[in-house]
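The values are calculated or read from the model by the stated rules, or taken from the named source; none is laboratory data. All figures in this text were calculated on a predicted structure; none of them were measured in a lab. FYI the Cβ positions are ideal-geometry reconstructions off the backbone, even for glycines, and counts take in every protein chain you see. Accessible surface is based on the protein model in full, side chains and every heavy atom, while ligands, DNA and RNA are left aside. Shrake-Rupley method; radii C 1.70, N 1.55, O 1.52, S 1.80 Å.
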Amino acid sequence: MTQPTYSLVNNATGEKTDLPVVSGTLGPVGLDVGKVYDKLDTFTYDPGFSSTCSCKSAITYIDGDAGILLYRGYPVDQLARHSTFIEVCYLVLYGELPTKVQLEKFDSDIRKHTMINESLKGFFQGFNYDAHPMAMLTGVVGSMSAFYHDTTNNKDPRHRDIFAHRMIAKIPTIAAAAYKKYFGQPFMYPQNHLDYCSNLLHMMFSVPAEPYHVDPIAAKALDVLFILHADHEQNASTSTVRLAGSTGCNPYAAIAAGIAALWGPAHGGANEAVLRMLDQIGDVKNVPNFMAKVKDKNSGVRLMGFGHRVYKNFDPRATIIREQCHKVLKHLGKDNDPQMELALKLEEIALSDDYFKERKLYPNVDFYSGIIYKALGIPVNMFTPMFAIARTVGWCAHWIEMTADPQNRIGRPRQVYVGAPQRNYADIAKRKG
Ligand code: CMC
C-alpha cells in the first residue's frame with residue numbers, strides 16, 4: 001500500500017511544504033512537523049497534545065476507538081488472565097515474554113533489591129504523620145537520586161537495568177513505609193520469600209508483635225490490578241518522566257517527577273476521587289441529583305472514573321477490574337457492598353444518558369479499582385500510591401527506551417506568545433495606577 005503524503009500550503013504566498021510521514025506497525029501514521037518552523041517560520045499548536053506524538057515507542061499500543069490495549073503486542077486481558085505482574089514487568093522492560101530461566105532470574109533479582117537503605121528511611125521522619133502518602137512517595141523517590149552513585153551512567157545498559165530493578169523492587173517498600181508512617185507503626189522489612197504483591201501486603205499490614213497471614217486471593221487481586229496499570233503509553237506521568245529524563249537527569253529524579261504528575265485527580269488521583277465521590281453521593285437515591293450536577297457545566301462537578309483522552313469506548317482495563325471487583329467482594333463476603341451498588345447504578349445511568357453517549361464517556365480504569373482496594377483494607381489515600389507502584393515499570397521502560405535511543409534530544413516545546421509586546425522600562429515615579 002502506498003503511503004499517503006501531506007503538504008502544508010501557505011494560502012497567502014502559495015508556498016507548499018511536504019511533510020514526511022512516520023509510520024508504525026499499528027495505528028495512524030504521524031506527520032513529521034519537526035521542520036515546519038525552519039521552513040515556514042510557523043509553529044504547530046496542540047495544547048493538551050490531542051494530536052501530537054512525542055516519540056516513537058515499541059512498548060504499549062492503544063486503539064481508543066476499539067478499546068484495545070497491548071503491551072509489547074499482547075492484549076492486556078490475556079495477560080491479566082494468564083500472566084503475573086512480575087512476568088509482565090519483564091515483558092514491558094525487555095519486549096518479550098521470558099523463558100522459565102529468564103523469569104526465575106528476573107524474579108530473584110527483584111526480590112534481592114527490596115530493602116531500602118536505612119538512611120533513606122530517615123526521610124520519613126521529616127514528614128508530619130498526616131502527610132499524604134503521594135507527597136512522601138514523591139519526596140522519598142526523589143531522594144533515591146542521592147543514594148545509588150554506583151549506577152549513574154545513563155549511557156550504560158547495565159546501569160539502566162540495575163536502576164529499573166532497584167526502582168521496581170523498592171517502590172512497594174517505600175509505599176508501605178508511607179502507609180505505616182500515618183499509623184505510627186514500625187516499618188516492616190520485606191520478606192523475600194513472598195511474591196511481589198504478598199510482600200507488599202505483608203509490609204503494609206503485618207506488625208512485629210504478631211504473625212500475619214497474606215490472603216492469596218487478595219494478593220492475586222492486587223497482582224491483576226498491577227498488570228492492568230503497568231503501562232499506558234504517553235500518558236501525563238510517563239510523558240513527564242520522559243521530559244524530565246530527556247535532560248539527562250538522574251533517573252530516580254525523573255521517576256519522582258512522574259509520581260508528582262500521577263497524583264492529580266485527572267490522572268492517577270482519580271481512583272481516590274472516585275471513592276470520595278461515592279462517599280459524597282452516599283445513597284442510590286441521590287444519584288439523579290448528582291448526575292444533574294455533573295451535566296451542569298457551571299457546577300464544576302465531574303463523574304470521576306469516567307472519560308478518557310484516548311478511549312472513546314470501554315476502557316478494556318475497566319471491564320476486567322469490574323469482574324475482579326465482583327470476585328473479590330464475594331470472596332470477602334462483601335457482595336452487598338453499598339458502594340459497589342452505587343457504582344453500578346452510576347455506570348448504568350451514565351451509559352444510557354445522552355450527555356455521556358454523545359461525548360463517548362465510558363468507565364475508565366479508576367472507576368472500580370478503588371472499590372477493590374477498599375475491600376482489601378487499603379485506605380483511600382493509598383489508592384494512588386498503589387497505581388504508582390504498578391506504573392513504575394512503565395516509567396522505567398520508557399525512560400530506558402528514550403535514553404537508549406541515540407537520537408534522543410532534550411524535550412523543549414514552543415509556545416504562541418500572548419503577552420505584552422516589547423516595551424520600555426518605566427521609572428517607578430512615572431508609573432500610573
Ligand atoms: N464527567 C462529566 N463530563 C466529562 C467527564 C466526566 N468525567 N469527562 C469529560 N467530560 C466532558 C467534558 O466536560 C467535555 O464536555 P464538552 O465537550 O461539552 O465541553 C467533554 O466531555 C470532553 O472532555 P475533556 O475534558 O475535553 O476531555 P479530556 O480528554 O481533556 O479529559 C479526562 C480526559 C480523563 C481528564 C476527563 O474525562 C476527566 O476529567 N475524567 C474524570 C477524571 C478521571 O476519571 N481520570 C482518570 C483517567 S484514566 C486513568 C489515568 O489516566 O490515570
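The selection criterion, being within 16 Å of the ligand (Cβ to nearest atom), open to solvent by less than 70 Å² (accessible area, probe 1.4 Å), of a type outside the set (D, E, K, R) and modelled with pLDDT of 95 or more, does not hold for V92.
Filter region 19-38 down to residues that are more than 15 Å from Y6 (Cα to Cα) and not hydrophobic (A, V, I, L, M, F, W, C) and give me whichever is least open to solvent (accessible area, probe 1.4 Å).
Step one: list which residues in region 19-38 are more than 15 Å from Y6 (Cα to Cα), which gives 24-27, 37-38.
In the following step, the residues that additionally are not hydrophobic (A, V, I, L, M, F, W, C) were identified as 24-25, 27, 37-38.
Numbers: G24: 59, T25: 143, G27: 42, Y37: 101, D38: 115 Å².
So, considering only residues that are more than 15 Å from Y6 (Cα to Cα) and not hydrophobic (A, V, I, L, M, F, W, C), the one least open to solvent (accessible area, probe 1.4 Å) is G27.
Looking across region 315-331, the residues that are open to solvent by less than 80 Å² (accessible area, probe 1.4 Å) and either out of contact with any helix residue (DSSP H, G or I) (no Cβ under 8 Å at 6 or more places or on another chain) or among the hydroxyl-bearing types (S, T, Y) (or both) come down to D315, T319.
A quick yes/no check of all residues on (1) at pLDDT below 95; (2) away from the ligand (no atom under 16 Å from the Cβ); (3) more than 22 Å from R317 (Cβ to Cβ):
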position: A175; (1), (2), (3): no, yes, no
position: Y179; (1), (2), (3): no, yes, yes
position: Y189; (1), (2), (3): no, yes, yes
position: C197; (1), (2), (3): no, yes, no
position: L200; (1), (2), (3): no, yes, no
position: M204; (1), (2), (3): no, yes, yes
position: N235; (1), (2), (3): no, no, no
position: T238; (1), (2), (3): no, no, no
position: A244; (1), (2), (3): no, yes, yes
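The set of residues in region 46-66 being loosely packed, with under 14 Cβ neighbours inside 10 Å and within 16 Å of the ligand (Cβ to nearest atom) consists of D46, P47, G48, F49, S50, S51, D65.
Could you tell me which of the residues F290, F306 is within 12 Å of the ligand (Cβ to nearest atom), over 27 Å from I227 (Cα atoms) and of a type outside the set (G, A, S)?
Working: F306 fails: over 27 Å from I227 (Cα atoms).
Criteria check complete, one pass: F290.
For E347, the criteria (1) charged (D, E, K, R); (2) within 24 Å of A176 (Cα to Cα); (3) open to solvent by less than 20 Å² (accessible area, probe 1.4 Å); (4) more than 10 Å from the ligand (Cβ to nearest atom) hold in every case but one, which is (2). Selection within region 117-172: residues that are over 25 Å from the mean Cα position of the chain (by Cα) and small (G, A, S). The member of this set that is farthest from L262 (Cα to Cα) is S119. Contact annotation: residue pairs with Cβ atoms under 8 Å, 6 or more positions apart or on different chains, pairing a residue in region 354-372 that is part of a helix (DSSP H, G or I) with a partner that is open to solvent by 10 Å² or more (accessible area, probe 1.4 Å) and among the hydroxyl-bearing types (S, T, Y), are F356/Y362.
Restricting to region 292-314, name every residue that is in a helix (DSSP H, G or I) and open to solvent by 70 Å² or more (accessible area, probe 1.4 Å). Result: K293, K295, K297, N298. Close Cβ contacts (under 9 Å, 6 or more residues apart or on different chains) running from residues in region 6-18 that are over 16 Å from V29 (Cα atoms) to residues that are exposed (fewer than 10 other Cβ atoms within 10 Å of the Cβ) and among the small types (G, A, S) comprise K16/S7; T17/S7. Elements of the type helices (runs of 4 or more DSSP H) sitting completely within region 58-114 and holding at least 1 residues that are small (G, A, S): these cover 76-82, 100-112.
Only one entry of L103, L70 meets the criterion of being open to solvent by 10 Å² or more (accessible area, probe 1.4 Å), among the hydrophobic types (A, V, I, L, M, F, W, C) and more than 17 Å from the chain's Cα centre (by Cα), and that entry is L103.
Being open to solvent by 40 Å² or more (accessible area, probe 1.4 Å) and without any contact (Cβ under 8 Å) to a residue 40 or more places away in the chain is a property that S119 has. Residues in region 257-274 that are touching a Gly at 6+ places or on another chain (Cβ under 6 Å) and surrounded by fewer than 24 Cβ atoms within 10 Å (Cβ to Cβ): W263 alone. If you go through region 354-377 and keep only what is within 11 Å of the ligand (Cβ to nearest atom), among the hydrophobic types (A, V, I, L, M, F, W, C) and open to solvent by 10 Å² or more (accessible area, probe 1.4 Å), you end up with just L361. Among the conditions (1) over 30 Å from R72 (Cα atoms); (2) within 10 Å of the ligand (Cβ to nearest atom); (3) of a type outside the set (V, I, T); (4) out of contact with any Asp or Glu (no Cβ under 9 Å at 6 or more places or on another chain), the only one that A273 does not satisfy is (4).
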